[in-house]
Amino acid sequence: MKSFTTVIGKDIRTAKKYLEEGETVGIPTETVYGLAANALNDDAVLKIFSVKNRPHFDPLIAHTHSKEEIKKFVKDVPAKAEALINAFMPGPITLLLKKNAVIPDLVTSGLDTVAIRIPNHPLTLELLKQLDFPLAAPSANPFGYISPTTAQHVFDQLQNKIPYILDGGATTVGVESTIIGFEGDEAIVYRLGGLAVEDIEKVIGKVRINTNEGSNPKSPGMLKSHYAPRKNLTIRQFDDLTIEQTGNKKTGVIAFNKYVEGIDKGNQILLSPSGDLNEAAKNLFAAMRKLDASDVEAIYSIPFPDEGLGRAINDRLKRASA
Ligand code: TXA
Ligand code: MG
């Protein structure tokens, strides 16, 4: 693999130049940072897999900037998909649509659907408008690790492997997009994410949730163990935690809005002191990284309220603990 002196910057032209040359670039979105390459160039897409250490059976999301562009890459847009596009794009939602021949099989790992989204970030939207190809982009983390929510997170893990990271600040949503596909007239959520199911249901009615944990899941990001810190993470409903319960380990806690008794507050992170699930989602991955990098030996968390973005938070915590 080529080696680079990775630069972090805000220059769209530099990002564009590298992408046009077939290199990979870190890009900001509202959910998490992506590792982008020209989706129509197989050699460029292959670099994504090797930089991330990602298995080729795990398909990528194609990012574009408008509804009209989406139509260039798919065979048709079901009515419910159309309604979701109109209501939520750009935004933290990804649609699985029947692909046409424009999208290479490498992007979709041979599936007949392509995952498409319009990210809601001004720098990346401008970049996409200036490019004449869509960007394939998974989250910009080594496969299986926590997704990055700042340019620095990307740098920490991918430095020397990519030439440029476009810095768009800390992401505002903080968990990956909600992935939704269509079978006949039914809409199916395959990944809980940054757009709440309740909001989706207001637009298209009841959806089925299938965030399958099998070993051969439809969406490999749904592997049972994923988004994981290196340290052991345990989810437990508790008000207090004793040193015996933690196995005499120095313990970190990811909590919602109140500290857990019995543990040093210096090792606890409240995701939202005001009890706001959107704010908690935004802070989740940075908290996991922070405790992973600290000297705590074990990480504990609590189940979050199972509504709104609390569902995506619980999903990520569960996979991080698997
Ligand atoms: O918010 C996001 O979606 C971020 C930002 C960068 O856009 N991207 C992201 O990409 O999370 P990634 O590759 O980390 O996760 C994409 C998930 C994977 O679990 C993949 O298996 C699934 O989408 N996926 C992609 N194409 C698919 C397809 N055609 N059918 C089913 N699942 C698909
Ligand atoms: Mg990912």
> Quick one: putting +1 on the C-beta of Lys and Arg, -1 on the C-beta of Asp and Glu, what dipole do you get for the range 1-146 around its Cα centre, in Debye to the nearest 20?
Replying inline: 160
>> Given a Förster distance of 41 Å, report the FRET efficiency between ASP43 and TYR259 from their Cβ-Cβ distance, rounded to the nearest 0.05.
In response: 0.20
>> Just want the ordering: GLU244, GLU30, GLU183, GLU279, from fewest to most Cβ atoms lying within 10 Å of their own Cβ.
In response: GLU244, GLU183, GLU279, GLU30
>> Using only Cα atoms and rounding to the nearest 10 degrees, what angle (0 to 90) does helix 310-321 make with the longest principal axis of the chain?
In response: 80
>> Among THR149, THR113, THR24, which one shows the highest mean-square fluctuation when the chain is modelled as a Gaussian network with alpha-carbon springs under 10 Å?
In response: THR113
>> Taking 2.2 N^0.38 Å as the expected size of a compact globular protein, what ratio does the Cα radius of gyration of the chain give against it, to two decimals?
In response: 0.98
> What FRET efficiency, computed as 1/(1 + (r/R0)^6) with R0 = 25 Å and r the Cβ-Cβ distance, is obtained for ASN100 and ALA79, rounded to the nearest 0.05?
Replying inline: 0.85
>> Using +1 at the C-beta of Lys and Arg and -1 at the C-beta of Asp and Glu, which of THR113, ALA298, PHE57 has the Cα lying farthest in the positive direction of the dipole of the chain?
In response: PHE57
> Exposure proxy check: PHE285, PHE88, PHE133 ranked by fewest other beta carbons within 10 Å?
Replying inline: PHE133, PHE88, PHE285
> Of GLY193, GLY266, GLY184, which is the most mobile in a GNM of the chain whose springs link Cα atoms less than 10 angstrom apart?
Replying inline: GLY184
> Going by how many other Cβ atoms sit within 10 Å of their own, how do PHE182, PHE4 line up, fewest first?
Replying inline: PHE4, PHE182
> For the chain, what proportion of DSSP beta bridges, expressed in % and rounded to the nearest 5, is antiparallel?
Replying inline: 45
> Using unit Cβ charges (K, R positive; D, E negative) and no other charged atoms, how large, in debye to the nearest 20, is the dipole of the range 130-199 about its Cα centre?
Replying inline: 440
>> Just to be sure I understand: with springs between alpha-carbon atoms less than 10 Å apart, which residue in THR172, THR94, THR242 has the highest mean-square fluctuation in the Gaussian network model of the chain?
In response: THR242
> Along the Cα-to-Cβ line of ASN232, 7 Å from the Cα, sits a label point; which residues in the range 247-291 have backbone N less than 17 Å from it?
Replying inline: 247-254
> Nearest 20 debye, what's the magnitude of the dipole of the chain about its Cα centre given +1 on Lys and Arg Cβ and -1 on Asp and Glu Cβ?
Replying inline: 420
> Give or take rounding to whole Å, what are the principal axis extents of the alpha carbon atoms in the range 11-75, in descending order?
Replying inline: 33, 32, 25
> Using r as the Cβ-Cβ distance of GLU307 and ASP156, and R0 as 30 Å, what FRET efficiency do you calculate, to the nearest 0.05?
Replying inline: 0.35
> Relative to the first principal axis of the alpha-carbon coordinates of the chain, what is the inclination of helix 79-88, with its axis defined by its Cα atoms, in degrees from 0 to 90 and to the nearest 10?
Replying inline: 60
> Over the range 1-147, what lengths in whole Å, largest first, do the semi-axes of the equivalent ellipsoid take, defined as the square roots of 5 times the eigenvalues of the alpha-carbon gyration tensor?
Replying inline: 23, 17, 14
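Each reported figure results from applying straightforward, stated rules to the coordinates on display, with no laboratory input. The structure presented is a predicted model; accordingly, all values stated were derived computationally and were not measured. Here Cβ is always computed from backbone atoms with ideal geometry, including for glycine, and neighbour counts include all displayed protein chains.
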